[in-house]
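The values are calculated or read from the model by the stated rules, or taken from the named source; none is laboratory data. All values derive from a computational prediction rather than experimental measurement. Note that we place each Cβ from the backbone using ideal geometry, even for glycine, and neighbour counts take in every protein chain shown. All accessible areas refer to the heavy atoms of the entire protein, side chains included, with ligands and DNA or RNA removed. Shrake-Rupley method; radii C 1.70, N 1.55, O 1.52, S 1.80 Å.
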Amino acid sequence: MNDLFSVVDWSRAQFALTAMYHWLFVPLTLGLSVIVSIMETIYYRTGNEKWLKITKFWMTLFGINFAVGVATGIILEFEFGTNWSNYSWFVGDIFGAPLAIEGLLAFFMEATFIAVMFFGWGKVSKGFHLASCWLTALGTTISAFWILVANSWMQYPVGMEFDPAQMRNVMQSFSEVAFNQVVINKFLHTVMSGWTLSALFVIGVSGWLLMKKRNNGMAILSIKVAVWFGIVGMLATMGFGDGSAKVVAKVQPMKLAAMEGLYDGGNGVEIVGFGVLNPDKNVNTPEADDFLFKIAIPKGLSFLATGDFDGYVPGINDLINGTSGSQSYQERIICGKMAHEALRQYDAGYAANDTALMARAKNVLDDNFSNFGYGYFDKPEEVVPNVPITFYAFHLMVLIGGYLLAFLFVVAFLVYRTEIMQKSRILQWLAIAGIPLVWICSECGWITAEVGRQPWIIEGLMPTRAAVSAISSGSVQFTFWLFAFIFTSLLIAEISIMLRYIHKKSLIDIVNQ
């Protein structure tokens, strides 16, 4: 048993490592491909050669990032087979469909047109090259959509039915899987955050060029494109993030409670803008205060979750005890164990060709299957996610996001006052600092989404402890450190190549050649 938990922990750590490294590259690919397309569109419409040179500069940085992102993404998908084979068997028919579409449609589209982007200059018409650039950007977005369909289904499993004869879930409605209420907000929130990240990357690199007094003309023009792109991205990110929060309140109330450190809910619940959790607080210490310190907006969480300032929002204890109107977690655990026993009875009847036993067992299984995943637990508190990590990741994301939006508006105002942009060292340093900040913000979003739904790999249906492959913890530890070394090397290589390229090109006056 100890080795099983070790395998689970190390497999989770390895997947988290791979996903977080992969997410360093994906949002830059999503947004920078669109920024490059906008710049090439300006060149196509104006015929101004300076825009061609600016386009090629940012396109090269996009290409470097794209290549490394592909390498980490392939490993990420393979891990479902190597480390999570029970999960892959249990829902492979459903989970594999969007990933297959992503590979056959989106990735094929990206791979085809990115070749024209980089090697088609002078070989194809300007119009076809521009179309290839936009189609590459579209391909990256479609790729993100299908991957997020798969992830969203794990957060909210719909459109399927469990087949006890196969002991796995089979798809019943592709449209429910692809367009359930979690997908759209999650997809748009994620893509728009990629736009914001890429805009701040362009502004940050341009800020460095201004600080070094190199390629000032290119830097100012790049900022003018990026800052408005970033403002649109950030406002949309916040808007769709609000939509995502409302969906989470409906389908993952425990995650929302963890995001807010809310143990006891009610009507007219406040939202915490900033706070320090009480480390002694958990479900077994009801007498302890939730926070050591907090700044909160009265009734804010009720409005966020329900659209009503007096709306009801359940807390962690409400969900566990069933005071929110749903089953208590102890009842769910009992029903889940009944579903497990019914599945064993069905299997015994199947082996003995006892159709009557199979029918009785299936009826019990169908009645209790909605709580199937809870049958893997013994105590309700085992179903509570890590509250401190979820809370702090969420609030750090919100705080950084608010700061970055204000910064983008300042840059939008000052970029047309060229002398200030060129001389203000503080503004240039803030632009450079925006690069790591926006990545931290982006990673915090994924930490919130994934840690907040633990211990589930499929919400309410399958916990991570039931999803792992039958492998030794030692082999997972080995590959964890191997991947850590490889991914870190790739990241260092990408940053090094980008910095060398930026430095080399900064010595050439691109705009005024």
Residue among Pro314, Gln327, Val251 farthest towards the positive dipole end of region 197-331, charges placed on Cβ: Val251
What number comes out for accessible area per residue over region 152-227 if the probe is 1.4 Å? Units Å², please. 31
Sorting Arg168, Arg500 by accessible area (1.4 Å probe), largest first, what list results? Arg500, Arg168
Selection from Ser472, Ile502, Leu461, by position along the positive dipole direction of region 379-513 (Cβ): Ile502
P(r) histogram, all alpha-carbon pairs of region 420-513 included - 5 Å bins from 0, percent: 2, 9, 8, 12, 17, 14, 10, 8, 7, 5, 5, 3, 0
Residue span Ala493 to Ala348: 0.36 nm per residue of separation minus Cα-Cα distance leaves a gain in nm of 46.6 nm
What is the ratio of the Cα radius of gyration of region 273-342 to 2.2 N^0.38 Å, with N the residue count, to two decimals? 1.45
Intensity falloff of region 197-263 expressed as log10 I(q)/I(0), Debye formula with alpha-carbon point scatterers, at q = 0.11 Å⁻¹: -0.46
Can you tell me the order of 341-353, 225-237 when each peptide is scored by its average per-residue count of other Cβ atoms within 10 angstrom, highest first? 225-237, 341-353
Neighbourhood net charge (15 Å Cβ-Cβ; Lys/Arg +1, Asp/Glu -1) for Phe409: +2
With only Lys, Arg, Asp and Glu charged, each at its Cβ (+1 for the first two, -1 for the last two), find how big the charge dipole of the chain is about the Cα centre; round to the nearest 20 debye. 2760
Spatially proximal lysines relative to Lys186 (Cα-Cα < 30 Å; intrachain offsets below 8 disregarded): Lys224, Lys246, Lys250, Lys255, Lys294, Lys299
Measuring from its Cα centre, region 332-381 shows a charge dipole (+1 at each Lys and Arg Cβ, -1 at each Asp and Glu Cβ) which, in debye to the nearest 20, is 40
Less than 12 Å Cβ to Cβ from Tyr329, Lys/Arg counted +1 and Asp/Glu -1: what total charge do the surrounding residues give? -3
Under the Kirkwood approximation for Rh and a Cα-based Rg, what ratio Rg/Rh is obtained for region 358-410? 1.42
Please compute the alpha carbon radius of gyration of region 46-156, then divide it by the globular-protein estimate 2.2 N^0.38 Å. Two decimals is fine. 1.32
Expressed as a percent, the accessible surface of region 343-429 that is carbon or sulfur, using a 1.4 Å probe and the full set of protein chains, is 61
Just to be sure I understand the curve: with the Debye formula and one point per C-alpha of the chain, what is log10 I(q)/I(0) at q = 0.10 Å⁻¹? -0.86
Once His503 and Asp308 are pulled to full extension, the length gained, defined as 0.36 nm per residue separation minus their Cα-Cα distance, is 64.9 nm
State the volume of the convex hull built on the alpha-carbon positions of region 337-469, expressed per residue in Å³ and rounded to an integer. 152
Nearest 10 degrees is fine. How inclined is helix 387-414 to the longest principal axis of the chain, computing both from alpha carbons? 20
Normalised by the residues of the chain, what does the relative contact order come to in percent, with Cα pairs under 8 Å and at least six apart? 21
Once fully extended, how much extra length lies between Asn386 and Ile426, figured as 0.36 nm per residue of separation less the alpha-carbon to alpha-carbon distance? 10.6 nm
Which Cα, out of Leu24, Phe119, Leu357, lies furthest along the positive dipole direction of the chain (beta carbon charges, K/R +1, D/E -1)? Phe119
Just the accessible area per residue of region 249-406, please: how many Å² with a 1.4 Å probe? 48
Hull surface divided by four, with the convex hull built on the Cα atoms of region 95-238: how many nm²? 11.5
Rounded to whole Hz, the Karplus (6.51, -1.76, 1.60) HN-Hα couplings of region 19-28, x for glycine and proline: 5, 6, 5, 4, 6, 5, 9, 4, x, 5
Computed over region 223-320, the ratio Rg/Rh where both radii use C-alpha atoms and Rh is Kirkwood: 1.09
